[in-house]
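The block underneath contains the structure these notes are about, expressed in structure tokens.
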Amino acid sequence: MLNYDIVVIGGGPAGMAAALKARECGIESILILERAETLGGILEQCIHTGFGLQYFGEELSGPEYADRFIKQVNEQKIEYKTDTMALEITGDNKVYAVNKTDGLLEIQAKAIILAMGCRERPRGALNIPGTRGSGVMSAGTAQKYVNIDGYMPGKKVVILGSGDIGLIMARRMTLEGAKVECVCELMPYSSGLTRNIVQCLDDFGIPLYLSCTVIDIHGKDRVTGVTIANVDENRKPIPGTERFIECDTLLLSVGLIPENELTRAVGIDLDRVTSGAVVDEYRETNHKGVFACGNVLHVHDLVDFVTYESQTAGEGAAMYVLGKKTDSDQVTTKGVGAVRYIVPQKINLNNEGDVKLYFRVGNTFKNATVKVKYNGEEIISRKRPRLAPGEMENVVITNKMLQTFSKDGVIEISVEV
Amino acid sequence: MCYDVAVIGAGVTGAFAARELSRYNLKVALIEKCNDLAMGTSKANSAIVHSGFDAVPGTLKAILNVKGTAMMPETCKELNVPFKPIGSLLLAFSDEEMKTVKELYDRGVTNGVHGLEIIDSAKLHEMEPNVNPDAVGALWAPTAGIVCPYELTIAAAENAVVNGAEFMRNFAVSKIDYDGSVFTVSDGNREIKAKYIVNAAGVYCDEIAALIGDNSLHTIARKGEYMLCDKTVGNLVSHVLFQCPTIMGKGTLVTPTVDGNLLLGPTAIDIEGKEDVDTNADTLALILEKAQKSVPCVTTREVITSFAGLRAHLECDDFIIGKSGKNDKFINAAGIESPGLSSAPAVGIMIAEIIAEDAGAEKRADFNPVREAPVRFRHMTNEERKAIIAKNPAYGRIVCRCETITEGEIIDAIKAPAGARDVDGVKRRTRAGMGRCQGGFCGSKVVELLAEELGVEINEITKCGGNSKILYERTK
């Protein structure tokens, strides 16, 4: 059996930032477990730029962003095992993992940081009817084939879903010589970043059809086309709007799901909206000493925010190991109306600093007001020119406000037009 | 070289025919038009081992179902295929349907089904708490069970190959000549010679028989669509739940699968042609509606995939197994629809006995009925895991994380007798890609492993044979 103060599951941007912060806070004994052959996570296949504008103040590619953290992990001599899959977390914070060289590993941790990231929703989850030949894959899988393996998965492409990976792949496939026929989005708005819609679709003349979906997939061995149709306000296809589009590939960018199998198996409470753990402001779950950060906690649109959040979790885990994170009365947070969720879901009243609340809205708004209420009483009101589901928002609860709160109080965030 | 028997069609019927024939001193070829075993009806059906109360007494369906189901536990043990004898409940929602239950009970007793019992609403809801409260009673059939149909097919075929049978894939028979003692079977490119032919071509049985001038068969492809739900709802029910049968089939069922998922379906629609395995939105909605009649709390939220299969239906509504009227060395195994999976072990024996008797073949002393158990890392204890990784480090790398499938298991599936040659073949043998992410993460790794083991470029690898290549040329 191995012993570490902190075991970090996942060596992507979240896991690395959490580990580095924990080291900075004085924890020597840290082990990162990464299932891929290298650290860096999904950033390794994101060769486009746009990373790091917030955190580094410069525009980096995915591998460049990851590399800055990999270098620090190496400089700090933080231990990591790649090509290693965590199989199980036990109730007493033991981690079972497996790889080719060590075989089955049994690791006792004082604290565990969950940083497993997320996965893409597959076709099956959408229940799209039609045939089941080749040529249907998630946008992220296509991204790996093109950017890592160097092969084209198709020549004539329809993309379903306007999530960021779908938008990025529309541009990427076009640059590699494929014809991207269109991007269809079920909702009346895109869930992707505005800059991606402009730079990946508009700049290449790729049409984005909103309130439109794929209702049938054709072709026996290989996709030969799809039927698309407009949808009504209940997202049901409108008869008469069906049209056939010839293509050999359908890429799906229809949402990301936090990868919480380990979390669920050990009995950690999950938030039904985020599909991630319910956490406090240090991202500690209801399971003592287990923290979560990055896309396994809730899906982020910018890696920069993943980094910030993971540093918070790393600091929290370090405090826990050092005995500085003590039990406290808590208040809870609650999204109201268009505010779909808030992370963290709980705040400890003994926190000595400010607490940033991240939230996401379920609709687009122009010139709206974000209102924060404590037990029904307004404490913050802030005008926002634009709010969109694709862009995460935040508000700061100052420590001064926090000190006026009491046990079991409720902080609500809503949007008023 | 001349084979003694060419079995045409590597579904569950052909695989069991090949296995049973390989018990004798007969040289067997198992010929398949697709790139893998179990590519037709055998990969997309209800995965149920029926107790045998449905079929009309005296029919082959009735006789072989009861016999096959009785053999299933032992056969699955020999072939190392999981079989769960969970029993079935046929639900009645009215007094009228209780009459059907009684009729089927009587029919089952006549067919020789053991343990049948008519139970009342209280007992039913005690056995299945999630069943619709409106159900007034049920027919309990304890001998029914669940098995993975393609796993059973693959295991039977592997066992046949280990015992000397040869598996030939991508061999779509288009011509059969007979010179009075030997058949020449050809796909236009290749040909093989055989003294006997077993026609186990599923929905194509009629077309294969027609190649020797036997026009007595007419198969109708009857499509059934299904939805498969995540393992998180696999325990909603603990028995196979049927509704009262209709003229088109056994009705919509709700059942756990042997791997712990929940299966809903099938529909029954006679189709034109024999290739249409599309699913369609209206039908899927209908399945849900019907499934909710049995189990109201079923939703589409947990659906991970949908699929369709074709039943090889004959107008006579029975199996036709025996020598063709045109040529007594040509053995038809036609109209093998439900309960074809349940009957398969018995159908295999029946076919083998017909040929062995005609040919005067002897049973071999060295036949090995056991198919070695594949490594199943996910079912191992940690001690077993340590031991197997020490023996072969490839079992220490997890490729499919949803189902916890290792690189070693995938390589085994490719190297197996009649092994996998495409991504779907790996999936059916190992479950890699069968979980909730449906291959999003492991798909590209499986492609790499196939390319490496088969010694080809990764853009040669297909999803399911034919034109189903996954990748085109290199990027710029």
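Table: residues versus (1) in a helix (DSSP H, G or I); (2) closer than 26 Å to B:Gly9 by Cα; (3) aliphatic (A, V, I, L, M).
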residue: B:Gly419; (1), (2), (3): no, yes, no
residue: B:Gln438; (1), (2), (3): no, no, no
residue: B:Val446; (1), (2), (3): yes, no, yes
residue: B:Asn467; (1), (2), (3): no, yes, no
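Which of the residues that make up the stretch A:250-285 are outside any loop (DSSP other than H, G, I, E, B), under 21 Å from A:Gly12 (Cα atoms), of a type in the set (A, V, I, L, M, F, W, C) and open to solvent by less than 30 Å² (accessible area, probe 1.4 Å)?
Residues satisfying the conditions are A:Leu262, A:Ala277.
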Which of (1) aliphatic (A, V, I, L, M); (2) open to solvent by 10 Å² or more (accessible area, probe 1.4 Å); (3) assigned to a helix (DSSP H, G or I) is the odd one out, the single condition A:Ala170 does not satisfy? (2)
Selection from the stretch A:106-126 of residues that are buried (at least 23 other Cβ atoms within 10 Å of the Cβ), more than 8 Å from every other protein chain (Cβ to nearest Cβ) and assigned to a helix (DSSP H, G or I): none
Before we move on, is A:Val290 under 22 Å from A:Ala22 (Cα atoms), open to solvent by less than 30 Å² (accessible area, probe 1.4 Å) and within 15 Å of the chain's Cα centre (by Cα)? no
Given the options B:Lys231, B:Lys195, name the one that is more than 23 Å from B:Gly335 (Cβ to Cβ), in contact with a helix residue (DSSP H, G or I) (Cβ under 8 Å, 6 or more places away or on another chain) and buried (at least 18 other Cβ atoms within 10 Å of the Cβ). B:Lys195
Looking for something buried (at least 23 other Cβ atoms within 10 Å of the Cβ), closer than 26 Å to A:Ser253 by Cβ and more than 11 Å from every other protein chain (Cβ to nearest Cβ) - is there at least one such residue anywhere in the stretch A:82-105? no
For the stretch B:284-302, pairs from a residue that is away from chain A (no Cβ under 12 Å) and farther than 16 Å from A:Leu126 by Cα to a residue that is among the aromatic types (Phe, Trp, Tyr) and open to solvent by less than 70 Å² (accessible area, probe 1.4 Å), with Cβ under 8 Å and 6 or more apart or across chains, are B:Lys293/B:Phe93
Per the filter on the stretch A:1-36, residues assigned to a loop (DSSP other than H, G, I, E, B) and either aromatic (Phe, Trp, Tyr) or more than 20 Å from A:Val303 (Cβ to Cβ) (or both) are A:Met1, A:Cys25, A:Gly26, A:Ile27, A:Glu28, A:Ser29
Consider B:Ala285 carefully, then state whether it is open to solvent by 30 Å² or more (accessible area, probe 1.4 Å), closer than 26 Å to A:Gly225 by Cα, among the small types (Gly, Ala, Ser) and in contact with a Pro (Cβ under 8 Å, 6 or more places away or on another chain). no
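Condition check ((1) in contact (Cβ under 8 Å) with a residue 60 or more places away in the chain; (2) facing chain A (nearest Cβ under 9 Å); (3) surrounded by fewer than 23 Cβ atoms within 10 Å (Cβ to Cβ)) across all residues:
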{"residue": "B:Gly433", "(1), (2), (3)": "no, no, no"}
{"residue": "B:Cys437", "(1), (2), (3)": "no, yes, no"}
{"residue": "B:Lys463", "(1), (2), (3)": "no, yes, no"}
{"residue": "B:Gly466", "(1), (2), (3)": "yes, yes, yes"}
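Results for (1) farther than 20 Å from A:Val95 by Cα; (2) under 17 Å from the mean Cα position of the chain (by Cα); (3) at pLDDT 95 or above, shown as yes or no for each residue.
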{"residue": "A:Met1", "(1), (2), (3)": "no, no, no"}
{"residue": "A:Ile9", "(1), (2), (3)": "no, yes, yes"}
{"residue": "A:Pro13", "(1), (2), (3)": "yes, yes, yes"}
{"residue": "A:Met16", "(1), (2), (3)": "no, yes, yes"}
{"residue": "A:Ala19", "(1), (2), (3)": "no, no, yes"}
{"residue": "A:Ile30", "(1), (2), (3)": "no, no, yes"}
{"residue": "A:Gly40", "(1), (2), (3)": "yes, yes, yes"}
{"residue": "A:Cys46", "(1), (2), (3)": "yes, yes, yes"}
Tally of residues being surrounded by fewer than 21 Cβ atoms within 10 Å (Cβ to Cβ) and among the hydrophobic types (A, V, I, L, M, F, W, C) across the stretch A:293-309: 2
Report every pair of residues separated by at least 6 positions or lying on different chains whose Cβ atoms are under 7 Å apart, first residue within the stretch A:348-361 and closer than 22 Å to A:Ala338 by Cβ, second at pLDDT 95 or above and open to solvent by 70 Å² or more (accessible area, probe 1.4 Å). A:Arg360/A:Arg340; A:Val361/A:Arg340
Checklist (1) open to solvent by 10 Å² or more (accessible area, probe 1.4 Å); (2) outside the structural domain of B:Leu253 (by TED's automatic domain parsing) applied to B:Phe183, failing item: (1)
Members of the stretch B:234-260 that are open to solvent by 10 Å² or more (accessible area, probe 1.4 Å), under 17 Å from B:Ala44 (Cα atoms) and in a strand (DSSP E or B): B:Gly249, B:Pro256
Within the stretch B:181-203, count every residue that is closer than 23 Å to B:Arg222 by Cα and part of a loop (DSSP other than H, G, I, E, B). 2
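Which of the residues spanning the stretch B:262-275 are outside any strand (DSSP E or B) and more than 18 Å from the chain's Cα centre (by Cα)?
B:Ile271, B:Glu272, B:Gly273, listed by residue number.
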Within the stretch A:210-249, work out how many residues are open to solvent by 50 Å² or more (accessible area, probe 1.4 Å) and at positive phi. 2
Given the criterion modelled with pLDDT of 95 or more and assigned to a strand (DSSP E or B), identify the matching residue among B:Leu152, B:Leu90, B:Leu104, B:Leu124. B:Leu90
Qualifying helices (runs of 4 or more DSSP H) (wholly inside the stretch B:311-417; at least 1 residues being away from every other protein chain (no Cβ under 14 Å) and hydrophobic (A, V, I, L, M, F, W, C)): B:340-359, B:407-415
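Collect the residues in the stretch B:145-176 that are within 18 Å of B:Thr69 (Cα to Cα) and in contact with a helix residue (DSSP H, G or I) (Cβ under 9 Å, 6 or more places away or on another chain), keeping them in residue-number order.
Matches in the stretch B:145-176: B:Gly145, B:Val147, B:Cys148, B:Pro149, B:Tyr150, B:Glu151, B:Leu152, B:Thr153, B:Ala155, B:Ala156.
Conditions (1) within 14 Å of chain B (Cβ to nearest Cβ); (2) among the hydroxyl-bearing types (Ser, Thr, Tyr), marked per residue:
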site	(1), (2)
A:Glu181	no, no
A:Ser191	no, yes
A:Val198	no, no
A:Asp216	yes, no
A:Thr224	yes, yes
A:Asn230	no, no
A:Glu233	no, no
So, in the stretch B:27-49, how many residues would count as being in a loop (DSSP other than H, G, I, E, B) and either in contact with a Gly (Cβ under 9 Å, 6 or more places away or on another chain) or assigned by TED's automatic domain parsing to the domain that holds B:Trp140 (or both)? 13
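The values are calculated or read from the model by the stated rules, or taken from the named source; none is laboratory data. Everything numeric in this text was worked out from a predicted model, so none of it was measured. FYI the Cβ positions are ideal-geometry reconstructions off the backbone, even for glycines, and counts take in every protein chain you see. Accessible surface is based on the protein model in full, side chains and every heavy atom, while ligands, DNA and RNA are left aside. Shrake-Rupley method; radii C 1.70, N 1.55, O 1.52, S 1.80 Å.
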